[in-house]
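Here is the structure we will look at, set down as structure tokens.
The values are calculated or read from the model by the stated rules, or taken from the named source; none is laboratory data. Predicted model, so just to flag it, every value in this text is computed and none were measured. Cβ atoms come from the backbone with ideal geometry, glycine included; neighbour counts cover every protein chain shown. Remember, those area values only see protein heavy atoms, side chains included, never the ligands or the DNA or RNA. Shrake-Rupley method; radii C 1.70, N 1.55, O 1.52, S 1.80 Å.
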Amino acid sequence: MAWDAVFTLVILAMVLGTLVFTRVSADLVLMAALAVLVIFGVLSPVSALSGFANPGVITIATLYVVAAGLKETGAVQWIARRLLGHPKSIKGAQMRMVAPTGILSAFMNNTAVVAMFIPAIQDWAQRLEIPASKLLLPLSYAAILGGTCTLIGTSTNLVVDGMLQTRLGINLGLFELAWVGVPLLIAGGTFLVLFASRLLPDRGGLSEELDAVREYGVEVEVVSPGPLIGKTIAEAGLRALNYGYLTEIDRKGRLITAVEPDRTLQPGDKLYFVGAPECASELRRIHGLRPASAGVHKLDIANHQRCLVEVVLGPEFPALGKTVRDSRFRTRFSAVILSVSREGRRVSGKLGDIQFKMGDTLLLEASHEFAEQYRFRRDFLLVSALNDSTPPDFRKAPLALGILLAMVVLSASGLLSIMEAAFLAAGGMIVSRCITASRARRSVDLPVLVVIAASFALGNAMSETGAAATVAGALLGNGEGMSPWLGLVLVYVLTAVFTEAITNNAAAVLMFPIALALSEQLGVSFLPFAVAVMFAASASFITPLGYQTNLMVYGPGRYQFTDYIRIGLPLSLLVGCISVTLIPLVWAF
């Protein structure tokens, strides 16, 4: 081997070791590797930076905006509440969850699907009295399996497709992967329904202990006309919130303190909840409720520009000793007080009659700029915005879903490429105000894009220096007697192992040149090997590290590392066997 090939393999080994054994972020590690390869002359700047211009990477960045538009309008929650229903058993609940999760993940970023489903599944599990640990890991696995059904279902598919376009001029169709992906979703989903309840522990969900956090009282009103009219408390999803509980209902001046789960909601009902600050954010995401405070409706801030903020009153707050009503807080600070907490407990009584004291914690509805504007003012000791607390604009949910459908139709029909259709969809989300331009910019996950794009430098170095061909030759041995199918199995297994140790996209980019060199040495078509890399890089079930959705459910489900091995290992073997059997039947060697 030439020195540059040896140098590349050393850098690759160092990258893999750093990602596996340290906590250094993947984007920093891979950008450092890119810089080293350029500085030592292994790659030209154009070759090293080619990943940042790859069509797959650009498509992923654009689809983040489309997914954010669906999130901002509450479209996924809107669908989830209609599809989940009220099953009678754990298996029934898993079946109801796997199907919509898999289908949605086929058409939008599966990370976004899981992020939006987690609170809905937690609420649903509590309502059905099912441990959330029986549902959250199957949620992640269903999203992964659903993402394999289409080209846009997972970023890995787009990355490999981008490399196929760049290297070989091959374009895969939107539904071309469905010949393997759909059987995987059906088989994997069936496995989850049959065995997940036995293999997963009963650890419950991650519920907040309300006596250990700042406690607030939050009042909301049932909108009329609206989707909650005529529903019971349980059916509306209000019985078992993650961060609070319903204490009483004010119905036309009559106070109902013993709130049964089968009590029917009526127009104008005012519901009083007690809980953690996140309870207010959770209630915002339920279609059919609005804040009961009149001041919220008088606040001159657009819906998409609002968020929830916590502030602690300092000694120089100008209204200490005054009541909320006399303080003219809304006029002075352009924010509305939703609740007051003192020494960790909510302050009882009418909100307007509460007198401010130093150290009081206020829960506010304000603009996104409030935290920055008042963070260093002496009025408040602490200013903290709650993450993801902007209320969804449910009126635009059908419009956002229509834009997604149009993107799929344009791409599937061949009228536009996937990248072009994604550009139109992202533009449609912004023009129709499903998402603002500023939130669209913030929705793009830059570290993930940097990881993917920087991985291309290592892949290019493997190809250009001959390191990939050397590795392929070592895998083949003398090459005698190895069938193309055995080579395919080898590529699949290696990619799957890499995926469990590092990120799925990095594994795909690193294995792509090795798979290409192996197919060339065997003298067969490369396409089956590229598709094997796609599916193996997505099939991360054994550890929480290989795929982002696995890590997202780790905390909320109170899982342990061994839980992933117990259910993920047989699922990974099942998916691997089906994949290496079907891929050569669809894409001949």
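Below are the figures for this structure:
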read-out	value
Hits in region 189-215 (condition: of a type outside the set (S, T, N, Q) and at pLDDT below 75)	203, 204, 205, 206, 208, 209, 210, 211, 212, 213, 214, 215
Candidates 20, 10, 42, 24, filtered to the one that is surrounded by fewer than 18 Cβ atoms within 10 Å (Cβ to Cβ), more than 31 Å from the chain's Cα centre (by Cα) and at negative phi	10
Single residue of 441, 433 found to be in a helix (DSSP H, G or I), open to solvent by 10 Å² or more (accessible area, probe 1.4 Å) and among the basic types (Lys, Arg)	441
Within region 555-567, considering residues that are part of a helix (DSSP H, G or I) and either over 20 Å from the mean Cα position of the chain (by Cα) or basic (Lys, Arg) (or both), the one surrounded by the most Cβ atoms within 10 Å (Cβ to Cβ)	567
Condition check for residue 469: part of a helix (DSSP H, G or I), crowded, with 24+ Cβ neighbours inside 10 Å, in contact with a helix residue (DSSP H, G or I) (Cβ under 9 Å, 6 or more places away or on another chain) and modelled with pLDDT under 90	no
Among residues of region 365-376, those that are more than 30 Å from the chain's Cα centre (by Cα) and modelled with pLDDT of 80 or more, counted	0
Per-region count, region 239-252, residues over 37 Å from the mean Cα position of the chain (by Cα) and modelled with pLDDT under 80	0
Residue count for region 80-108, restricted to those that are open to solvent by 20 Å² or more (accessible area, probe 1.4 Å), free of Cβ contacts under 8 Å to residues at least 60 places away in the same chain and closer than 29 Å to residue 60 by Cα	5
Conditions (1) modelled with pLDDT under 85; (2) open to solvent by less than 60 Å² (accessible area, probe 1.4 Å); (3) within 36 Å of the chain's Cα centre (by Cα); number of the one not met by residue 362	(1)
Verdict on residue 529 being at pLDDT 90 or above and within 21 Å of residue 189 (Cα to Cα)	no
Number of positions in region 334-357 that are under 20 Å from residue 308 (Cβ atoms) and basic (Lys, Arg)	3
Residue match in region 377-395 (condition: at pLDDT 85 or above and either assigned to a helix (DSSP H, G or I) or over 30 Å from residue 151 (Cβ atoms) (or both))	no
Candidates 491, 586, 553, filtered to the one that is farther than 26 Å from residue 190 by Cβ and touching a helix residue (DSSP H, G or I) at 6+ places or on another chain (Cβ under 8 Å)	491
Total residues in region 323-344, condition more than 14 Å from residue 367 (Cα to Cα) and exposed (fewer than 15 other Cβ atoms within 10 Å of the Cβ)	6
Residue match in region 116-133 (condition: outside any helix (DSSP H, G or I), surrounded by fewer than 24 Cβ atoms within 10 Å (Cβ to Cβ) and of a type in the set (A, V, I, L, M))	yes
Residues that are among the acidic types (Asp, Glu) and part of a helix (DSSP H, G or I), drawn from region 134-179	161
Matching residues in region 300-322 - criterion: being at pLDDT below 85, assigned to a loop (DSSP other than H, G, I, E, B) and open to solvent by 20 Å² or more (accessible area, probe 1.4 Å)	300, 301, 302, 315, 316
Residue among 493, 524, 509 that alone is touching a residue at least 60 places away in the same chain (Cβ under 8 Å) and open to solvent by less than 30 Å² (accessible area, probe 1.4 Å)	509
Pairs, first closer than 16 Å to residue 171 by Cα and polar (S, T, N, Q) in region 405-434, second open to solvent by 20 Å² or more (accessible area, probe 1.4 Å) and not in a loop (DSSP other than H, G, I, E, B), C-beta under 7 Å, six or more apart	411/418
Qualifying residue in region 536-554 (condition: touching a residue at least 12 places away in the same chain (Cβ under 8 Å) and open to solvent by 60 Å² or more (accessible area, probe 1.4 Å))	yes
Matching residues in region 52-111 - criterion: being within 18 Å of residue 140 (Cα to Cα) and in contact with a Cys (Cβ under 6 Å, 6 or more places away or on another chain)	106
Hey, residue 162 small (Gly, Ala, Ser), at pLDDT 90 or above and either surrounded by 19 or more Cβ atoms within 10 Å (Cβ to Cβ) or within 16 Å of residue 532 (Cβ to Cβ) (or both) or not	no
Selection count, region 219-251, where residues are open to solvent by 20 Å² or more (accessible area, probe 1.4 Å), among the hydrophobic types (A, V, I, L, M, F, W, C) and in a strand (DSSP E or B)	1
Output for region 405-429, where each listed residue is of a type in the set (Val, Ile, Thr) and buried (at least 16 other Cβ atoms within 10 Å of the Cβ)	408, 418
Complete set of residues in region 254-280 that are open to solvent by 30 Å² or more (accessible area, probe 1.4 Å) and aromatic (Phe, Trp, Tyr)	272
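Per-residue answers, yes or no, for (1) among the small types (Gly, Ala, Ser); (2) touching a Phe, Trp or Tyr at 6+ places or on another chain (Cβ under 8 Å); (3) modelled with pLDDT under 85:
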site: 110; (1), (2), (3): no, no, yes
site: 116; (1), (2), (3): no, no, yes
site: 138; (1), (2), (3): no, no, no
site: 141; (1), (2), (3): no, yes, no
site: 148; (1), (2), (3): no, yes, no
